[in-house]
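Undergrad: Here you go, one structure.
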Ligand code: SF4
Ligand code: SF4
Ligand code: SF4
Ligand code: FES
């Protein structure tokens, strides 16, 4: 259990080689130069009264509560703004100070509702606390004067309220929005008595630029900004430290609880990835865990047209095991397989891949990384030797040039985006390569130095053109290359990249960006100091996804930008545990730690430990499973926490494959889209019920701790274990901790990891073993993991998916802040107030040509299929390119996407689909069919409800 209120040191920590020693209330304190008196005092547990100061924000010095006396100095300076100096003698508690503080407090309280007993913040209010600390007993001015007590509340935001009657205008909220979140959505408007917090230009919070990150709510020392959940449930009585289950940033949170009811999620100040910050999803969108749609009983059915039958766990597991065994007897050992979940813990994933390898007797296991970052795994492993990013997030604070390629951090990785924006406000340069004008191109106090709006599908041409400039303009780091890289491969690459066909001038028309801009970007990257690349699915989800990852690694090696803080090549991973699900051996050709299944020694280690003979042949990838299912030879799948019917491309093909299975087992919180085709439904657990670990985009292993019992009565690894036993394989763990112990035993990068160790150190970045006992924040420091870095030539090969007269536009897809992936979780929260339908963004020129106005219904059609959605005319788009999201099942965005994929990994080419867009007044055929199947699913749910 974690304390509910973490210690607040009043002002941020300072780093300095120079230390100063002073005396505070008779105690000797030594602190780094630049530390405030307030923080120095807090270091020795002397709490100076304060209201406008908090250690998440720079000091402001407005409330005058923290006054101190300094020997030899006149006046009473505020301790939050006064730096500690050598030899100072400070008093924090004197009669004079007490009187001054009481006077200040009287002024605050004379204009305050004084409804403490019924106030939601009662017990968690710094104003209340300070009134007690300064010994306020009376207000000499009375309460009759002009006041703010009738000020109107703003309750527009579903997650928090703003009650101006309680505001003390300390500005902590404004500073939190500026300094921590970087959105600059609120200001203090007016002067003196008229001062008040304003969202936008007299808008309410909901309609303003506010992104509901909650930083202002957390910073507010009064009940002015208060979580709605606190108003509803009251103050928490205990808290548990855990990890967000949404994106790959992996923010640490305190789940604050009242009994087994979550009251709020508060970002944890010591969280290694988030340092006390959060976004709207992790902080507020956790209500899905107890949503009424949640299924908590196992269910089975003979045919997918039958009603579901709620059964006991035992019956469901026996039913599934019998079917799987019968199918294997009839169609062979390799006719079944499974998919592990990047939303589940490492321990849950480990159990599933082990079941498949040891229990099913084949390697037909894959994970959703197949459809997102598998090219990252391949490209970085080939060039550098490790299938993961090179840095920790904090490294960005040392970057001088930040390159964002095919990623939209403010929407998809918001907490890291806030950190990045902080660095940009300090002066780092920014290059963005993206077909769309993402927020980072221009937002308050941040403006990209270069935006390269390349055409979708031309990433490799761009990276080649940039590398060409580096190679031909004398910007190579020859010493670094000669010392750290394979020279023959480098010489081959150099010859290739110097070829004029790779020059910006030769490729500008293909890329759609002027040659001089490409040259400028390359020069900035090559000469601007520490240069760091951050990239997302706009890099990987292409037919040359792996080539592009290799191209970025080449560029970084060529300029010496790998192997120290502030540089690197960093994938922004999508799902919370996608790194972990890959690390745990979820690929059909690799055992845990990315070791080939064909390696006899590696296999032998696992065989000895698991007591079985393992298959040395790689198994099916997800697309192979679907193809084989359509062909009729692959008959059963165990799908853990994925919704392939919505998330995977070419929906019609996926649905045909799922319909052809004799046994589809879906393990999830909800009857998702894939469950429409399932025979067995194993209800899963939310992150609030899980015990285990997640691994974020920076390889950080974070604990996930249960705050309540599993609502369906069984931990997920036990479901898998029971299924294994019913299949005849004796899996026999007693706890998730025991699974981590096995992971550590069999996975060299995790050798020193255990629950006990993580509880002690907080979190750790792998590799964590005897060579790196406290983990590895930065990779490849003394050399590359593979030995010498490997340059690989990256010939640009245009995708087969080309526009033509029938399909003249390119559709590309992405995410939005409020929703997450297929939306299964966020659609069941108030986040849908911000976004409840997928929208097609289209440039005004393309819209006008088609007679489309803002808000019109349009059909979008590719060679694969058609769907209907609403259009939004957007100046973020360039002519010829349209954009949408895939969060809402009814939209069926993946009905449009194609079968094309990355040459090396089969990662689908989601980002390039040739389409036509036209006005329409009806739903597509697929959407009509979809509604029929959903109606059937709902009917069977009703039919399955037990009789009164
Ligand atoms: S919730 Fe976040 S974005 Fe909105 S006003 Fe508060 S700090 Fe700013
Ligand atoms: S809303 Fe809260 S944090 Fe903001 S100025 Fe008012 S009291 Fe301070
Ligand atoms: S940034 Fe990601 S991990 Fe952090 S709170 Fe938001 S969704 Fe959760
Ligand atoms: S806490 Fe120092 S002036 Fe407010």
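The values are calculated or read from the model by the stated rules, or taken from the named source; none is laboratory data. Treat the numbers as computed from the prediction; the structure is a model and nothing was measured. All Cβ positions, even for glycine, are placed from backbone atoms using ideal geometry, and neighbour counts span all protein chains on display.
Undergrad: Scan 223, 120, 131 and give me the residue that is in contact with a helix residue (DSSP H, G or I) (Cβ under 7 Å, 6 or more places away or on another chain), more than 9 Å from ligand 1 (Cβ to nearest atom) and part of a helix (DSSP H, G or I).
TA: Of the residues listed, the single one that is in contact with a helix residue (DSSP H, G or I) (Cβ under 7 Å, 6 or more places away or on another chain), more than 9 Å from ligand 1 (Cβ to nearest atom) and part of a helix (DSSP H, G or I) is 131.
Undergrad: Quick one: would you say residue 683 is closer than 26 Å to residue 902 by Cβ and buried (at least 24 other Cβ atoms within 10 Å of the Cβ)?
TA: no
Undergrad: Residue check: is residue 317 surrounded by 24 or more Cβ atoms within 10 Å (Cβ to Cβ) and in a helix (DSSP H, G or I)?
TA: So residue 317 passes the test.
Undergrad: Which count do you get for residues in segment 360-391 that are assigned to a loop (DSSP other than H, G, I, E, B) and either crowded, with 24+ Cβ neighbours inside 10 Å or in contact with a helix residue (DSSP H, G or I) (Cβ under 9 Å, 6 or more places away or on another chain) (or both)?
TA: Residues in segment 360-391 being assigned to a loop (DSSP other than H, G, I, E, B) and either crowded, with 24+ Cβ neighbours inside 10 Å or in contact with a helix residue (DSSP H, G or I) (Cβ under 9 Å, 6 or more places away or on another chain) (or both): 13 in total.
Undergrad: Determine whether residue 212 is within 16 Å of ligand 2 (Cβ to nearest atom), in a loop (DSSP other than H, G, I, E, B) and modelled with pLDDT under 95.
TA: In short, no.
Undergrad: Right, something else. Against the definition (at positive phi, modelled with pLDDT of 95 or more and not in a helix (DSSP H, G or I)), how does residue 823 come out, yes or no?
TA: No.
Undergrad: Residues in segment 241-260: is at least one part of a strand (DSSP E or B), free of Cβ contacts under 8 Å to residues at least 24 places away in the same chain and surrounded by 24 or more Cβ atoms within 10 Å (Cβ to Cβ)?
TA: No, there is no match, as no residue in segment 241-260 is part of a strand (DSSP E or B), free of Cβ contacts under 8 Å to residues at least 24 places away in the same chain and surrounded by 24 or more Cβ atoms within 10 Å (Cβ to Cβ).
Undergrad: Then there's this: Working only within segment 702-725, note down all residues that are over 16 Å from residue 686 (Cβ atoms), touching a residue at least 60 places away in the same chain (Cβ under 8 Å) and over 25 Å from the mean Cα position of the chain (by Cα).
TA: Listed by number, the residues that qualify are 720, 721, 722, 723, 724.
Undergrad: Let me ask something additional. Which number in (1) farther than 23 Å from residue 818 by Cα; (2) within 16 Å of ligand 3 (Cβ to nearest atom) marks the one condition that residue 181 misses?
TA: (1)
Undergrad: Mind checking which residues of segment 868-880 are out of contact with any helix residue (DSSP H, G or I) (no Cβ under 7 Å at 6 or more places or on another chain) and crowded, with 22+ Cβ neighbours inside 10 Å?
TA: Result: 877, single match.
Undergrad: Looking at 292, 325, can you tell me which residue is within 25 Å of residue 684 (Cα to Cα), free of Cβ contacts under 8 Å to residues at least 12 places away in the same chain and more than 16 Å from ligand 1 (Cβ to nearest atom)?
TA: Going through 292, 325 in turn, just one is within 25 Å of residue 684 (Cα to Cα), free of Cβ contacts under 8 Å to residues at least 12 places away in the same chain and more than 16 Å from ligand 1 (Cβ to nearest atom): 292.
Undergrad: Same structure, new question: Can you pull out every residue in segment 162-208 that is out of contact with any helix residue (DSSP H, G or I) (no Cβ under 8 Å at 6 or more places or on another chain), in a loop (DSSP other than H, G, I, E, B), touching a residue at least 60 places away in the same chain (Cβ under 8 Å) and away from ligand 4 (no atom under 16 Å from the Cβ)?
TA: Result: 163, single match.
Undergrad: Another question, then. Helices (runs of 4 or more DSSP H) wholly in segment 467-514 with at least 2 residues that are over 19 Å from residue 531 (Cβ atoms) and more than 36 Å from the chain's Cα centre (by Cα) - which ones?
TA: Answer list for segment 467-514: 487-498, 504-511.
Undergrad: Right, here's the next one. Can you pull out every residue in segment 146-160 that is within 11 Å of ligand 2 (Cβ to nearest atom) and within 29 Å of the chain's Cα centre (by Cα)?
TA: If the condition is that a residue be within 11 Å of ligand 2 (Cβ to nearest atom) and within 29 Å of the chain's Cα centre (by Cα), then 160 is the only one that fits.
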